[in-house]
Amino acid sequence: MELQPQETRSKSTNTRAWQAVRPEESTHLSDSRLQLHHAAQFGAAAGISFLEHRPDDSHTNLEWVPALAGLVSRVIPARKSFRVCVRPADLTLLIVTERDQPIARYRLHGRTIVEATQWIREQIAPLGVDAGRYTLKRHYEIPGHPVAMGDSFDASERSQFEELSKWFSNGASILGSLARSIHDASEVRCWPHDFDIATVISVSPGRTIGVGLEPGDSYYDEPYFYVSMSPHPSAAQARSRPLWGRGTWHTRDWMGAVLTGSRLEGASKQEWQVREFIDSAVSACRALATQS
């Protein structure tokens, strides 16, 4: 989990209602999450290959588009401008117009990264770009998985990918409404290296609060919402502030409030619980910012 610099707010405000997730399945999504993380690099590669590189890496990040139920690259200028999308629920790649109208689809199940890369090049060449420039070479590392060594993607555990899709959809919806309610919040984007979807709130010069959804990482092998601040307070200061919604304070390597997927309650209470957690954690971080 990592904070990112503030960006211009996205014009998109289209969100969907909360989709109930299954807390008991939260710790069983690891393999699907890692495959999806590698699949998301196809979208990040579009920004790396064709857009001006920005110091904050924002040219690589992705947007959750509810109408596509997928993570989508920034617009790539061309004779016919396009974006590259990965749809988690069925692990499908899409090439879409700048207005998010699908042009082509490609199921990743049973396909390799090399095959998918070639398919993308074949699809974008007629749109007016030098397809040979499209590359998956990147300047950051992501967790390993056999697909990176040539194995085929395996989306046979459909329910796991559908569950991950719900997590991203819910994260985008919750964070989108938060960002729209706070003047100094950045646009909500998914960062392809850590794979979290997040917004950053500017509190004062040099002080920020990051709010996001991480689908899982080396700290928590399950999806979790987090609220963290920079610079961070001491562990004692953080723990002195209560959290609601069954959230806890994380103090190893980074400091922040965390609500893991396995701690969510029943379907009818989940959205309320997450919002309660985020509200209390943001309030706690704002208070802590005035102390440090």
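The values are calculated or read from the model by the stated rules, or taken from the named source; none is laboratory data. Keep in mind the model is a prediction, meaning the values are calculated, not measured. Counting neighbours? That spans all protein chains shown, and the Cβs are built from the backbone with ideal geometry, glycine included.
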Completion exercise
Checked the range 116-137 for anything of a type outside the set (Ser, Thr, Tyr) and surrounded by 15 or more Cβ atoms within 10 Å (Cβ to Cβ); matches are Ala116, Trp119, Ile120, Arg121, Gln123, Ile124, Leu127, Val129, Ala131, Leu136
Handout entry: Hits in the range 48-65 - residues which are under 13 Å from Ala172 (Cβ atoms) and of a type in the set (A, V, I, L, M)
Key = Leu62, Val65
Handout entry: Where Leu93 falls short, out of the listed (1) within 18 Å of Asp194 (Cβ to Cβ); (2) buried (at least 22 other Cβ atoms within 10 Å of the Cβ); (3) without any contact (Cβ under 8 Å) to a residue 60 or more places away in the chain
Key = (1)
Problem - Counted residues, the range 204-239 - those being modelled with pLDDT of 95 or more and not hydroxyl-bearing (Ser, Thr, Tyr) - result: 14
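Please enumerate the residues belonging to the range 180-194 that are of a type outside the set (Asp, Glu), assigned to a loop (DSSP other than H, G, I, E, B) and at pLDDT 95 or above. Please lay out each step first, then the result.
Going through the range 180-194, the residues of a type outside the set (Asp, Glu) turn out to be 180-183, 185-186, 188-193.
Among the residues that remain, those that are also assigned to a loop (DSSP other than H, G, I, E, B) are: 182-183, 186, 188, 191-193.
Listed by number, the residues that qualify are Ser186, Val188, Trp191, Pro192, His193.
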Exercise for the section: List every residue pair whose Cβ atoms lie under 6 Å apart, where the two residues are 6 or more positions apart in sequence or sit on different chains, the first residue falls within the range 45-61 and is in a loop (DSSP other than H, G, I, E, B), and the second residue, located anywhere, is surrounded by 21 or more Cβ atoms within 10 Å (Cβ to Cβ) and basic (Lys, Arg). Expected result: Asn61/Arg189
Problem - Residues of the range 106-129 that turn out to be in contact (Cβ under 8 Å) with a residue 40 or more places away in the chain, within 19 Å of Ser152 (Cβ to Cβ) and in a helix (DSSP H, G or I), as a count - result: 4
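Table: residues versus (1) free of Cβ contacts under 8 Å to residues at least 24 places away in the same chain; (2) at positive phi; (3) touching a Gly at 6+ places or on another chain (Cβ under 6 Å).
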| residue | (1), (2), (3) |
| --- | --- |
| His38 | no, no, no |
| Ile76 | no, no, no |
| Ala104 | yes, no, no |
| Ala131 | yes, no, no |
| Tyr134 | no, no, no |
| Ser152 | no, no, yes |
Completion exercise
Reported set for the range 96-146 where residues are under 20 Å from His193 (Cβ atoms) and touching a Cys at 6+ places or on another chain (Cβ under 8 Å) is none
Practice task
Answer yes or no as to whether Ala172 is surrounded by 23 or more Cβ atoms within 10 Å (Cβ to Cβ), assigned to a helix (DSSP H, G or I) and assigned by TED's automatic domain parsing to the domain that holds Ala287.
Solution key: yes
